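Enquirer: Structure provided below as structure tokens; questions to follow.
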Amino acid sequence: MYQQQHYQQQPQRSAIPKVIGILMIIFASLGLLGSLLGLAGGGGNEELFRGIPEYKTWRTIELLLNVIGLAYGALHLYAGVRCIGYKANAPTLAKTYAIVAMGVVLVNAILVFAWVKPLMDKALGDFGPGVGNIFGGMMIVMTLIGLAWPTIVLILMTRPAAKAACTGEL
């Protein structure tokens, strides 16, 4: 006679931590590479700004931002690895990364508007006032782009399904 076998199907684990983890590793690697290049002296137009006293101060701030970038880039990478492994601390690490990254992006934007934009206005004054306005608009767009990824991480890794997948509670 025909026997029916009943299989109890386990709920499927959310893929959110794994996908976010993979993207975190990719973006962290790119960020770490950028910070290392910045530390190596990817300055650019030094001769254009050399005569402006604030430039030396900005270079010091830029160095500090690159060191901070290395630190939170390492956190970004570590959180990504923990997310891929569905580790219990992955949601907390991802949340911590997201909050730190948002803070760094906002502080960087404030510093750029306080130091770099006036610096560029002085250095590029001969080219007209429109250059500073274009730079300001580009900085706003770059700040929004810089906030997008940490916001996505924060939203997705604080979802109940992501937390449950990392704690084993399905």
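The values are calculated or read from the model by the stated rules, or taken from the named source; none is laboratory data. Quantities reported herein were computed from a predicted structural model and do not represent experimental measurements. No Cβ is skipped: glycine too gets one built from the backbone with ideal geometry, and neighbour counts run over all protein chains shown.
Enquirer: Pairs needed: first member in the stretch 99-115, closer than 16 Å to residue 133 by Cα and in contact (Cβ under 8 Å) with a residue 12 or more places away in the chain; second member anywhere, surrounded by fewer than 16 Cβ atoms within 10 Å (Cβ to Cβ) and not aliphatic (A, V, I, L, M); C-beta distance under 6 Å; at least 6 residues apart or different chains.
Expert: Hits for this filter: zero, empty list.
Enquirer: Cβ-Cβ distance below 7 Å, separation of 6 or more or different chains: which pairs start in the stretch 22-37 with a residue that is touching a residue at least 24 places away in the same chain (Cβ under 8 Å) and over 15 Å from residue 82 (Cα atoms) and end on one that is surrounded by 14 or more Cβ atoms within 10 Å (Cβ to Cβ) and of a type in the set (S, T, N, Q)?
Expert: 35/66
Enquirer: How many residues does the stretch 144-170 contain that are under 21 Å from residue 105 (Cα atoms) and of a type outside the set (Phe, Trp, Tyr)?
Expert: Step one: of the stretch 144-170, the residues under 21 Å from residue 105 (Cα atoms) are 144-158.
If we keep only those that are of a type outside the set (Phe, Trp, Tyr) as well, we get 144-148, 150-158.
Counting residues in the stretch 144-170 that are under 21 Å from residue 105 (Cα atoms) and of a type outside the set (Phe, Trp, Tyr) gives 14.
Enquirer: Let me spell it out: the conditions are (1) modelled with pLDDT under 95; (2) surrounded by 19 or more Cβ atoms within 10 Å (Cβ to Cβ), and residue 94 meets all of them except one. Which number is the exception?
Expert: The number of the failed condition is (1).
Enquirer: Here is a further query. State the number of residues belonging to the stretch 58-76 that are closer than 19 Å to residue 114 by Cβ and of a type outside the set (Val, Ile, Thr).
Expert: Result for the stretch 58-76: 8.
Enquirer: Assess whether residue 19 counts as being surrounded by fewer than 13 Cβ atoms within 10 Å (Cβ to Cβ), part of a helix (DSSP H, G or I) and modelled with pLDDT of 85 or more. Lay out the reasoning, then the answer.
Expert: Details: surrounded by fewer than 13 Cβ atoms within 10 Å (Cβ to Cβ): no; part of a helix (DSSP H, G or I): yes; modelled with pLDDT of 85 or more: yes.
When the stated conditions are applied, residue 19 does not pass them.
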